[in-house]
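Student: Sharing a structure with you now.
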Amino acid sequence: MKNRIAFVDTLKVLAILGVITIHISADPFLHLEIGSMNWFFSVVWASIIRWSVPVFLMCSGVLFLNRNKVITLKKLYTKYILRIIIALVFWAVMYEILDIYIALHMGGHAGDAIKNALRNIVTCRTQTHLYYLYIVILIYALLPVIRVFTDAASKQQMEYALFAWVTLGIVYPFIIMFYPFSLLRGIVVQYAIVFVYATIGFFVLGYYFYQYTISKKSTYIIYALGIIGLIITIGGTIYMSMSSKTVKSYLLEGMSPNVAAMAAALFLFVKNHYSISNEREGLKSKIIGYISKGSFCIYLVHVFFNIAFKNLDLLNPKFSTIYSIPVLVLINLVLSLGVYYVLSKIPFANKYLV
């Protein structure tokens, strides 16, 4: 586990637990009776870990924007982008094969199922959670351009760029969904940075937090915004859903201001904890490092187990979601980690699929 950044490993472990929690809590959140106790708890679980994907992006920013890390164009495409593309195609096919099996098991026609699977792969309508890989491919492709900026920019220039990103990529796209900003028309609506490009901001933000010392005052402000963001995420989602008697997930989007604030606060908190911690290398650190190393594989395969849970009717809670959700998350983590252990021992798979 040499040359690993301890706080990044911890954040990646928290983020992968969060991603699994998001997907397990989604079923009760979307399908239980709004206002029921189990629904309330599913909202809480779905809300408190909403920062997961932004934190993954911030961790990648720390690793890939490091000025000491040399990444040639050849290395970028043959090592990093190629790996993501191969993993994306392979796991997209695996999920389509599973869908074909489920369709046949339910009495569907083989020809239609195969045709639909091929159409999904060709048109990039792959399993929902694989969207993250499409984002990563874009960011990696733009990495040489991003690094020109981050390598040359002063702290003040980077802060200005981050302010512009928060304004146009986080706040503005969110508020124009609501009155009176929803009345805006014409060019000003297009001031908003498109979602997929706005994700680059998290990439840069992670590097900024890693590269520079944040003042105590700014740190406490970010912590406060993170706590406020959490309260708004939980309370706002409950209020809007109960008021409209339909599930509202505006505040659960990864690019919403409240979630961005939570992601920034958590990232900074964990980083600062490790900067003052004298914890030595031990079993805990090795476990965290191993799960962190396997987080990409866990992300790719955990939905297989969620599908199994759903078919076994485990996502329809017979017990309180306050503990059924975290129990299923831990079971999923162990099973997914088991897949990583096996695949990490297989040549080619350990290089391109995990």
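Each reported figure results from applying straightforward, stated rules to the coordinates on display, with no laboratory input. The structure displayed is predicted, hence computed values, not measured ones. Cβ atoms come from the backbone with ideal geometry, glycine included; neighbour counts cover every protein chain shown.
Student: Using only alpha carbon pairs under 8 Å that are at least six residues apart, calculate the relative contact order of the chain and give it in whole percent.
Tutor: Result for the chain is 32 percent.
Student: Follow-up. About the Cα centre of the chain, what is the dipole size in debye to 20, counting +1 per Lys and Arg Cβ and -1 per Asp and Glu Cβ, all else neutral?
Tutor: For the chain, the charge dipole is close to 1040 debye.
Student: How high is the relative contact order of segment 1-72, in percent, with contacts defined as C-alpha pairs under 8 Å that are six or more residues apart?
Tutor: Reported relative contact order: 37 percent.
Student: Given the options Ile234, Ile187, Ile84, which has the most mean-square fluctuation in a GNM of the chain, springs set between C-alpha atoms less than 10 angstrom apart?
Tutor: The residue that fluctuates most here is Ile187.
Student: Also: Only Cα pairs within less than 10 Å get springs; with that Gaussian network setup on the chain, which residue of Val44, Val188, Val342 has the largest fluctuation?
Tutor: Val188
Student: Let me ask something additional. Once the piece of chain linking Val194 and Lys74 is laid out straight, how much longer is it, given 0.36 nm per residue of separation minus the C-alpha distance between them?
Tutor: Computed gain between Val194 and Lys74 is 40.4 nm.
Student: If you bin every alpha carbon distance in the chain into 20 Å steps from zero, what whole percent lands in each bin?
Tutor: The calculated distribution, bin by bin, is 26, 60, 13, 0.
Student: Sort Met106, Met177, Met255 so the one with the fewest other Cβ atoms within 10 Å of its own Cβ comes first.
Tutor: Met106, Met177, Met255
Student: Based on other C-beta atoms within 10 Å, arrange Thr21, Thr126 from fewest to most.
Tutor: So the residues, fewest neighbours to most, are Thr126, Thr21.
Student: Provide, in order from the shortest bin, the percent of all Cα-Cα pairs of segment 39-165 in each 10 Å bin, continuing until the bin that contains the maximum pair distance.
Tutor: 10, 28, 26, 23, 10, 3, 0
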